[in-house]
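S.K.: Here it is: the structure, laid out below.
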Amino acid sequence: MSEEPHIIDFGCGFGHLGLRLLPLLADGSKYTGIDAGAGLIEHARHLFKGLPYEVDFVVGDFHSIPIERKYDIAVCHGVLLHMTEPMLLLKKMADCVKNEGKVIAFEPHWNGNMASYYFEGVDQSSVIPLGLLQELFERDALRTGKDGNIGLKLPLYFNRLGLRDVQCRMSDKVNIMDPEADREKATQLYEAIKFSDPGDREQFSTYLIERGMLPEEAERQYEAEKLLSETFTSSVAATYAASIKITFGTV
């Protein structure tokens, strides 16, 4: 692969990955971003204006836009979980990468994510009932075709595309919220991950029942989210790991 890689980012948004990656790469590296959101692309162009990087941003549906086989790396971040046919995008990513290039996907695994909270002084199972959530996520995937647990399935998908040396890593960063040690940092993290009140009990339960929960399960989930919104405050110590799965393979 080139020492000055040309990266294409599918579903680039405002170019977040480009802003993170380009400062780490050799001079002469290039970044192309594609997104259907015209407002996001306009924001990306504004953010990169005046920066010393070679970039190109394209508005459009990456399913229909013809893309040349000229890139060294094809990447997506938090895109495949929203797609009903993720293999179509993965194939397009692989098809636009030159020989010995890389395909990389950063995607969540909601089951693991929900198991990666710790709230000091709180009975974890009372605020995050993992079994109910796992079943809910599975039913949602069957109902909508979109899979929030796709991150852990991608190594198999990459293999089935014929990619070589397929590997998967997990983001191992643990965020620490400890008001006694650093109140300012704890407040910032709290604002990022705080849980809102579930609101009207009947509306909330009806919504979950429509997604396949039994009435008693919906009631338990309501109580769990209500308790979490009340007990998790900016004064509670906690840790949290997003546990994003990073899958990559060679064309």
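S.K.: How would you classify the stretch 111-251 from its alpha-carbon gyration tensor, with a ≥ b ≥ c the square roots of the eigenvalues: rounded for a/c under 1.5, else prolate if a/b is greater than b/c, otherwise oblate?
M.R.: It is oblate, given that a/c is not under 1.5 and a/b is not larger than b/c.
S.K.: Treating only the Cβ atoms of Lys and Arg (+1) and Asp and Glu (-1) as charged, compute the dipole magnitude of the chain about its Cα centre; round to the nearest 20 debye.
M.R.: The dipole magnitude comes to about 920 debye.
S.K.: If you add up the charges near Ala238, with Lys and Arg at +1 and Asp and Glu at -1, over every other residue whose beta carbon is less than 11 angstrom from its beta carbon, what do you get?
M.R.: Around Ala238, the surrounding residues sum to -1.
S.K.: At 222 nm, what value in deg cm²/dmol follows for the chain if DSSP H runs of at least 4 each add -39500 (n - 2.57) and the sum is divided by all its residues, to the nearest 500?
M.R.: It comes out at -11000 deg cm²/dmol, rounded to the nearest 500.
Throughout, read-outs are computed from the coordinates displayed, never taken from laboratory work. If you're wondering where the values come from, they're calculated on a predicted model, not measured in any experiment. A quick note on method: Cβ atoms are made from the backbone with ideal geometry, for glycine too, and the neighbour counts reach across all protein chains shown.
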